[in-house]
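Visitor: So that we are looking at the same thing, I have put the structure below in structure tokens.
The values are calculated or read from the model by the stated rules, or taken from the named source; none is laboratory data. If you're wondering where the values come from, they're calculated on a predicted model, not measured in any experiment. Neighbour counts run over all protein chains shown; Cβ positions are idealised from the backbone, glycine included.
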Ligand code: ATP
Ligand code: ZN
């Protein structure tokens, strides 16, 4: 393979990984994955895969360490990054939602005025509330957000939900949706024309795969 490979960052292991790898395999791209391997060059398409933590992907793509990346829109939008969203991939669908203890009454968003909210998404959450005229205090934590109300850390939470099962088992109820998310492909803002041509070819194949699924 030439040195003109396009480099794509995908999640090493997590809720984006399986569907990301499946997509590229369905595009007819052959590569090795799994185990402790952190990079892999395709044997039949000019692409190199980097396997990383999802949180690091937007930054690597912005800096040009990777040309492309697959990441949840939620992670991308929480921080301001100069990258292009080139494709909605339709998997890892989830939403960022506000939740409160199940026993409490919910009327409307005004209820969050002056309250403390535990979240890993303080920017998306506070922007949403401010747009609705509500000012709340963000308490940023990186994981196990659902536990916060029961240990007195916050009055509500704002977290990623897909089925709602985790909320339920932590005595919480979902009261408002802040943001709808899915996996997207992002690209560095200044790709060379050679890399843009490879990206176009890749997007063409992804379109065909997606058409086949509809
Ligand atoms: P990493 O170790 O790479 O940092 P992580 O623990 O931060 O992984 P995952 O839980 O694997 O991340 O989720 C990755 C992305 O998958 C989320 O940012 C979100 O876009 C999406 N996702 C889809 N469904 C869910 C869900 N039920 N819970 C959490 N994230 C989900
Ligand atoms: Zn992560």
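Visitor: Tell me, which residue of the range 173-214 that is without any contact (Cβ under 8 Å) to a residue 12 or more places away in the chain and under 20 Å from residue 62 (Cα atoms) is surrounded by the fewest Cβ atoms within 10 Å (Cβ to Cβ)?
Guide: Per the stated criteria, the residue is 193.
Visitor: Return yes when residue 46 is in contact with a strand residue (DSSP E or B) (Cβ under 7 Å, 6 or more places away or on another chain) and under 29 Å from residue 178 (Cβ atoms) and no when it is not. I'd like the intermediate steps shown before the answer.
Guide: On the way: in contact with a strand residue (DSSP E or B) (Cβ under 7 Å, 6 or more places away or on another chain): yes; under 29 Å from residue 178 (Cβ atoms): no.
Spelling it out, it is not the case that residue 46 is in contact with a strand residue (DSSP E or B) (Cβ under 7 Å, 6 or more places away or on another chain) and under 29 Å from residue 178 (Cβ atoms).
Visitor: For the range 186-203, enumerate the residues that are touching a helix residue (DSSP H, G or I) at 6+ places or on another chain (Cβ under 9 Å) and under 18 Å from residue 42 (Cα atoms).
Guide: Once the filter is applied, which keeps residues that are touching a helix residue (DSSP H, G or I) at 6+ places or on another chain (Cβ under 9 Å) and under 18 Å from residue 42 (Cα atoms), the range 186-203 yields only 202.
Visitor: When the range 170-194 is examined, which residues are found to be more than 19 Å from the chain's Cα centre (by Cα) and assigned to a loop (DSSP other than H, G, I, E, B)?
Guide: 170, 171, 190, 191, 192
Visitor: Taking residue 40 as the residue in question, decide whether it is surrounded by fewer than 22 Cβ atoms within 10 Å (Cβ to Cβ), more than 20 Å from the chain's Cα centre (by Cα), outside the structural domain of residue 153 (by TED's automatic domain parsing) and modelled with pLDDT under 95.
Guide: Considered against the rule, which asks whether it is surrounded by fewer than 22 Cβ atoms within 10 Å (Cβ to Cβ), more than 20 Å from the chain's Cα centre (by Cα), outside the structural domain of residue 153 (by TED's automatic domain parsing) and modelled with pLDDT under 95, residue 40 comes out as no.
Conditions (1) buried (at least 17 other Cβ atoms within 10 Å of the Cβ); (2) within 13 Å of ligand 1 (Cβ to nearest atom); (3) farther than 15 Å from residue 188 by Cα; (4) assigned by TED's automatic domain parsing to the domain that holds residue 142, marked per residue:
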| site | (1), (2), (3), (4) |
| --- | --- |
| 17 | yes, yes, yes, no |
| 35 | no, no, yes, no |
| 55 | no, yes, yes, no |
| 62 | yes, no, no, no |
| 66 | yes, no, no, no |
| 82 | no, no, no, no |
| 87 | yes, no, no, no |
| 99 | yes, no, yes, yes |
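Visitor: Here's a check for you: in the range 1-15, which residue that is assigned to a strand (DSSP E or B) and within 16 Å of ligand 2 (Cβ to nearest atom) is surrounded by the most Cβ atoms within 10 Å (Cβ to Cβ)?
Guide: 9
Visitor: Same structure, new question: Considering each residue of the range 49-74, count those that are away from ligand 2 (no atom under 14 Å from the Cβ) and in contact with a strand residue (DSSP E or B) (Cβ under 6 Å, 6 or more places away or on another chain), and give that number. Can you show your working first?
Guide: Kept after step one, since they are away from ligand 2 (no atom under 14 Å from the Cβ), are these residues of the range 49-74: 49-50, 61-68.
From the residues that got through so far, the ones that are in contact with a strand residue (DSSP E or B) (Cβ under 6 Å, 6 or more places away or on another chain) too are 49-50, 61-62, 64, 66-68.
Counting residues in the range 49-74 that are away from ligand 2 (no atom under 14 Å from the Cβ) and in contact with a strand residue (DSSP E or B) (Cβ under 6 Å, 6 or more places away or on another chain) gives 8.
Visitor: Of all strands (runs of 3 or more DSSP E) completely enclosed by the range 49-147, which ones contain at least 1 residues that are in contact (Cβ under 8 Å) with a residue 24 or more places away in the chain?
Guide: Working: elements: 68-72, 83-88, 94-101, 116-119, 137-140.
Per the criteria, 68-72, 83-88, 94-101, 116-119.
Visitor: Here's something else I'd like to know. So residue 92 fits all but one of (1) within 14 Å of the chain's Cα centre (by Cα); (2) at negative phi; (3) within 16 Å of ligand 1 (Cβ to nearest atom); what number is the exception?
Guide: Residue 92 satisfies all of (1) within 14 Å of the chain's Cα centre (by Cα); (2) at negative phi; (3) within 16 Å of ligand 1 (Cβ to nearest atom) except (2).
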